[in-house]
């Protein structure tokens, strides 16, 4: 709670509007109630008004200060449909298909964010990632000067010796199954930028592997990590972004100072990493869930990286507390999102 408490304090000074497409989900209702009660901003629930009120009454959750929108009855529906047709004009989308899509809460919520009617969107408690990510990628799209959309899990563990006072940023744990060298470098840079934004600390980024500095140097996966490390450092230097990158590193060498002192005494990252970059989605997703459940870590994610506007795809196993933390992080991103992604949000989708 040390970390997320600090995030909330910052957000209270600049409250934001967060849309939650899954308005009848009990955990969402509880998180939205807390989001408003803590003065973090204005929560917006999507769904049938009567159903939302019924679920809220059963939970004894007050809806005071919470906005409810039924996409099918919204006065913005027609303009959203026109905007979606414009966005998908090269895909042969028909108006009937666009209408059906835009009535769906995830599409409507994504369009609200794209059209500046909300500052961020949080979804995923009841749907697989593909159903959540598809409207985000089709409507919000990738930020300018960015080629890769990925994700980050923010973990807070009890032992403050790890990461930055117990906080670690893990990427990518939710989007790209087998990233290329270029994508892995992009993931490392985006994760580092988020870490700097959230932690106010210099990012120390470890690109992970099953070997450390050449113990299995001929393996294709190791070669990919090495190349991505060099490319990430090169891009950071070109952008005058102050961060340290090292790889390939085993996770113990990345996190434990004693081991790092024996294996890599000259490294600026080993033993002190606050960002862990996984070589593929298998390792990232498995590791993040192990940390969350075995170490009883507070887990906030997936925070989506590289999109034009702030968004998150939470796990179906998330608690109301997890969702609240994710919403706070999304809101904090929205305060100075163009520092994370220069040029983000300057044009409405389809206006370029």
Completion exercise
At 20 °C in a medium of viscosity 1.002 mPa s, region 56-98 has a Stokes-Einstein diffusion coefficient, with Rh taken as the Kirkwood radius over alpha carbon pairs, in µm² per second, of 166
Practice task
Starting from the Kirkwood radius over alpha-carbon pairs of region 150-294, derive D by Stokes-Einstein at 20 °C in a medium of 1.002 mPa s and give it in µm² s⁻¹.
Solution key: 146
Practice task
Return a whole-number percent for the relative contact order of the chain, with Cα pairs under 8 Å and 6 or more residues apart as the contact set.
Solution key: 23
Handout entry: Cα Rg over Rh - the chain, Kirkwood
Key = 0.99
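Of all DSSP beta bridges located in region 150-294, what percent are antiparallel, nearest 5?
40
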Practice task
Work out, in µm²/s and without decimals, the Stokes-Einstein translational diffusion coefficient of region 13-72 at 4 °C, 1.567 mPa s, Rh from Kirkwood over C-alpha pairs.
Solution key: 115
Practice task
Please give the helix 26-37 orientation as an angle from the longest Cα principal axis of the chain, in degrees from 0 to 90, rounded to the nearest 10.
Solution key: 90
Handout entry: Hydrodynamic radius by Kirkwood, which averages 1/r over all alpha carbon pairs of region 124-170, in angstrom
Key = 13.2
Problem - C-alpha long axis of helix 49-59 to longest principal axis of the chain, angle in ° - result: 60
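Considering Cα pairs under 8 angstrom that are at least six residues apart, work out the relative contact order of region 150-294 and quote it in whole percent.
Relative CO of region 150-294 lands at 33 percent.
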Handout entry: Calculated log₁₀ intensity ratio I(q)/I(0) where the Debye formula runs over C-alpha points of region 273-352, q = 0.11, 0.13, 0.25, 0.27 Å⁻¹
Key = -0.37, -0.51, -1.25, -1.32
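Give the calculated FRET efficiency between residue 252 and residue 60 to the nearest 0.05, with a Förster radius of 56 Å applied to their Cβ-Cβ distance. Working shown, then result.
Values: r = 47 Å, r/R0 = 0.84.
Result of the calculation: an efficiency of 0.75.
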Problem - Over region 66-152: Kirkwood hydrodynamic radius from C-alpha pairwise inverse distances, Å - result: 13.7
Exercise for the section: Measure out, as a whole number of angstrom, how far apart the alpha-carbon centroids of region 82-155 and region 5-49 sit. Expected result: 19
Practice task
With both partners inside the chain, how many of the DSSP beta bridges are antiparallel, as a percent to the nearest 5?
Solution key: 40
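What does the extension gain come out to for residue 142 and residue 180, with contour length at 0.36 nm per residue minus their alpha carbon separation?
11.9 nm
What is the ratio of the Cα radius of gyration of region 176-246 to 2.2 N^0.38 Å, with N the residue count, to two decimals?
For region 176-246, the normalised Cα radius of gyration comes out at 1.10.
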Exercise for the section: Calculate how steeply helix 320-335 sits against the longest principal axis of the alpha-carbon atoms of the chain, using the helix alpha-carbon long axis, and give the answer as 0 to 90 degrees to the nearest 10. Expected result: 90
Exercise for the section: Quote to one decimal, in nm, the extra length available between residue 95 and residue 237 on full extension: 0.36 nm per residue of separation minus the C-alpha distance between them. Expected result: 46.5 nm
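Read-outs: derived from the displayed coordinates by stated rules, not from any lab. Because the structure is a prediction, the values reported are computed rather than measured. Cβ sites come from the backbone with ideal geometry, for glycine too, and all protein chains shown count toward neighbours.
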